[in-house]
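So the structure is just underneath, and the comments pick up after that.
The values are calculated or read from the model by the stated rules, or taken from the named source; none is laboratory data. As the structure is a computational prediction, the values presented were derived from the model and not from experiment. Every residue, glycine among them, receives a Cβ derived from its backbone with ideal geometry; neighbour counts consider all protein chains shown. We work out accessible area using only protein heavy atoms, side chains counted, and drop any ligands, DNA or RNA first. Shrake-Rupley method; radii C 1.70, N 1.55, O 1.52, S 1.80 Å.
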Amino acid sequence: MTKSITMLGIETSCDETSVAVMRDGKLHSNIVSSQFVHGQYGGVVPELASRAHQKLMIPIVEEACAKANVVFAELSAVAGVRGPGLMGSLLVGLNFGKSFAYGLGIPFIGVNHMEAHIYSNFIDEPYPAFPLVCLTVSGGHTQLVLMRKDFSFELIGETRDDAAGEAFDKVAKLLGLGYPGGPKIDAHAKQGNPAAIDFPRSYLEGDAFGFSFSGIKTSVLYYMRDNHPNGISQQQLDDICASFQASVVDVLVNKTLLASKELGVKNIALAGGVSANSRLRSEMSRAALEAGLQLCIPKSEYCTDNAAMIAALGYRKYLRNSYSPLSETAVASLELAAHL
Ligand SMILES: Nc1ncnc2c1ncn2[C@@H]1O[C@H](COP(=O)(O)OP(=O)(O)OP(=O)(O)O)[C@@H](O)[C@H]1O
Ligand SMILES: [Mg+2]
């Protein structure tokens, strides 16, 4: 009988401390501890994030292993995020992961956070087939990525300014909804009319696969200033959220469909925190069905930051003996790798 491969995944790129255990490609635990300390500041405070990771790291490793019914000696390798992200946060998880692997005498595998977001589509079967176009929409990135095969990432389009998640968070802040804003706008939008206000859709002539979301944020600001200088009713708030969300989702869906058409790719996927958005999920599903495309969307809990996606990519790298040297460093602006 072949020996099981038990992978420990560690995610500490921003403000979620997360640890997962995967055995032979099957997820056994995925503990995510969100740091609520940042809420009062309206965004992530880097120094507080790294301090919280430091405090939570060992208890969450113990919890993830206990939940998976795995003892440390059974681990085959440790996969940890090495970038992109906040340097102080990355250093806590990466240095813990390398030391832990070294102490156990097992390999360490450094993982790119944005590549791992895409591999959240490879946690639960059925996995998507290649070639694949993935729209990754998160707090710091908006990317269209062509994957011709496993571990091959071609960036075909990205945002010129704000990421989609950043636009959700900034609009939520100006509407007084707090941080993180994406889920709050999503909830209000469910009660609102998406056609109530015609916010602009930015298609960027001459840059078919590029994105820009800073204009829509300004449009919402001006709309509020010009139409509701003295506050808004619940229904008006719901309508603004629904209309803003519809304008962002329209662009995301249309550009993804265009990319798949122009590249002749029949498989599309979603990844990143904004892919937890209910309208993006339903509109992308509708559009994919109409166009005869195969769409893969991860479960909502695998869209926002989590260690299951780190373990999923780490597991596949382990199968290829793609280990990292212990000298591997954290890189705050790490880019997608063209090939493994
Ligand atoms: N239901 C939702 N609708 C819209 N946006 C959402 C929803 N849920 C989460 N988000 C957004 O997703 C973002 C967080 O996603 P994620 O955790 O992937 O980002 P990040 O890790 O901070 O950034 P990056 O992955 O680019 O480094 C936030 O901007 C949040 O508002
Ligand atoms: Mg992320």
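Worth pointing out:
- Being within 16 Å of ligand 2 (Cβ to nearest atom) and open to solvent by less than 10 Å² (accessible area, probe 1.4 Å) is a property that Gly210 lacks.
- In summary, Leu146 fulfils each of the numbered conditions (1) modelled with pLDDT under 95; (2) outside any helix (DSSP H, G or I) with the single exception of condition (1).
- Checking each residue of region 65-72 against the condition of being closer than 23 Å to Ala330 by Cα and outside any helix (DSSP H, G or I) gives no match.
- Of the residues making up region 228-275, those that are farther than 21 Å from Thr136 by Cα and assigned to a helix (DSSP H, G or I) number 10.
- Listed conditions (1) in contact (Cβ under 8 Å) with a residue 12 or more places away in the chain; (2) open to solvent by 10 Å² or more (accessible area, probe 1.4 Å); (3) away from ligand 1 (no atom under 16 Å from the Cβ); (4) part of a helix (DSSP H, G or I) are all met by Gly103, apart from (1).
- Hits in region 1-24 (condition: of a type outside the set (Lys, Arg) and open to solvent by 70 Å² or more (accessible area, probe 1.4 Å)): Met1, Thr2, Asp24
- Looking across region 267-321, the residues that are within 10 Å of the chain's Cα centre (by Cα) and farther than 17 Å from Glu11 by Cβ come down to Leu270, Val274.
- When Gly192, Gly210 are checked against the criterion of being over 25 Å from the mean Cα position of the chain (by Cα) and within 23 Å of Ser275 (Cβ to Cβ), a single residue qualifies: Gly192.
- Of everything in region 276-294 that is more than 8 Å from ligand 1 (Cβ to nearest atom) and part of a loop (DSSP other than H, G, I, E, B), the residue that is surrounded by the most Cβ atoms within 10 Å (Cβ to Cβ) is Leu293.
- Region 15-38, residues that are in contact with a Ser or Thr (Cβ under 6 Å, 6 or more places away or on another chain) and at pLDDT below 95: Glu16, Ser33
- Across region 312-332, the qualifying residues are those that are within 16 Å of ligand 1 (Cβ to nearest atom) and assigned by TED's automatic domain parsing to the domain that holds Lys98, and the one among them that is surrounded by the fewest Cβ atoms within 10 Å (Cβ to Cβ) is Leu313.
- Every test in (1) more than 26 Å from Ser333 (Cα to Cα); (2) open to solvent by less than 30 Å² (accessible area, probe 1.4 Å); (3) not basic (Lys, Arg) is passed by Leu27 save one, and that test is (2).
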